[in-house]
Amino acid sequence: MTRSVARPVVCAVAADAAERAEHHRVRRAVFVDEQGIFAGDDLDSHDARDDVLHVVARVGDDVVGTVRLFPLDGRTWQGDRLAVLGTARTAGAGAPLVRFAVATAATRGGRRMVAHVQPANQRFFERLGWTAHGTEDYAGRPHVFMTIELADGVRDDQAPVLDEPGTQLGG
Ligand SMILES: CC(C)(COP(=O)(O)OP(=O)(O)OC[C@H]1O[C@@H](n2cnc3c(N)ncnc32)[C@H](O)[C@@H]1OP(=O)(O)O)[C@@H](O)C(=O)NCCC(=O)NCCS
């Protein structure tokens with residue numbers, strides 16, 4: 001069971017340029033500075049899409065986490081760039097971000113969501129209802145290809161994110 005944090009984690013789609021900048025700041029801190037997966041920045045062509053959703057997780061006024069999602073086709077959505085700042089980890093921000101991404105994709109007509117997950121996080125995703133389908137190269141490193149079906153819309157065990165105090169489904 002996810003622990004409660006002192007203040008609620010609020011997930012929302014970045015609504016303006018300032019929130020997108022905060023989103024990118026967290027991604028850079030985790031994927032460039034901490035993990036060294038990318039050099040300089042972790043931007044790619046998906047960030048410029050009209051239909052990409054940049055999500056931020058806030059605790060109070062602070063943006064502590066991110067996830068990005070976009071449709072691969074009308075029914076399949078990809079989630080990536082899940083990141084929680086090192087100082088905010090294991091305090092209950094990562095799981096709501098994943099649930100928020102899943103709920104958002106389902107609300108927008110997605111039937112399936114896919115992700116390339118770092119092997120160290122496979123269990124984290126499995127606990128959230130995702131299924132592993134083997135390892136493949138992604139961003140130059142081995143990742144576990146994982147999926148979650150959204151066939152019935154938001155699954156019962158994914159729904160509480162929308163009911164968590166302060167958690168918003170952004171536009
Ligand atoms: C993976 C990550 C997003 C998890 O975020 P987090 O805020 O620490 O996650 P939460 O606090 O919401 O964790 C929820 C539960 O999963 C557990 N958990 C967290 N990371 C885990 C992991 N890698 N493996 C298994 N369980 C994990 C937590 O202990 C917690 O357990 P509990 O409910 O029993 O208390 C974070 O560790 C991170 O940003 N890592 C670096 C970047 C990264 O790896 N991104 C993902 C790329 S696939």
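Among the conditions (1) under 13 Å from the mean Cα position of the chain (by Cα); (2) of a type outside the set (Asp, Glu); (3) exposed (fewer than 12 other Cβ atoms within 10 Å of the Cβ), the only one that PHE70 does not satisfy is (3).
For the structure I just gave you, tell me whether ARG68 is within 12 Å of the ligand (Cβ to nearest atom) and part of a helix (DSSP H, G or I). Criteria not met by ARG68.
Checked against the criterion of being surrounded by 18 or more Cβ atoms within 10 Å (Cβ to Cβ), in a helix (DSSP H, G or I), within 8 Å of the ligand (Cβ to nearest atom) and of a type outside the set (S, T, N, Q), the candidates PHE125, PHE100 yield just one match: PHE125. Does THR76 fit the bill of being surrounded by fewer than 19 Cβ atoms within 10 Å (Cβ to Cβ), touching a residue at least 40 places away in the same chain (Cβ under 8 Å) and either hydrophobic (A, V, I, L, M, F, W, C) or at negative phi (or both)? Taking the combined requirement at face value, the residue does not satisfy it. Hey, does the stretch 129-140 have a residue that's surrounded by 17 or more Cβ atoms within 10 Å (Cβ to Cβ) and within 8 Å of the ligand (Cβ to nearest atom)? Scanning the stretch 129-140, I find no residue that is surrounded by 17 or more Cβ atoms within 10 Å (Cβ to Cβ) and within 8 Å of the ligand (Cβ to nearest atom), so the answer is no.
Inside the stretch 79-97, residues that are in a helix (DSSP H, G or I), surrounded by fewer than 21 Cβ atoms within 10 Å (Cβ to Cβ) and within 8 Å of the ligand (Cβ to nearest atom) make up a count of 3. Listed by first and then second residue, the pairs linking a residue in the stretch 28-56 that is part of a helix (DSSP H, G or I) to a residue that is acidic (Asp, Glu), with Cβ atoms under 7 Å apart and 6 or more places separating them unless they lie on different chains, are ARG28/ASP41; ARG28/ASP42; PHE31/ASP42; VAL32/ASP41; VAL32/ASP42.
Each reported figure results from applying straightforward, stated rules to the coordinates on display, with no laboratory input. Since the structure is predicted, the reported quantities are computational estimates derived from the model, not experimental observations. Quick reminder, even Gly has a Cβ in these numbers, built from the backbone with ideal geometry, and neighbours come from all protein chains shown.
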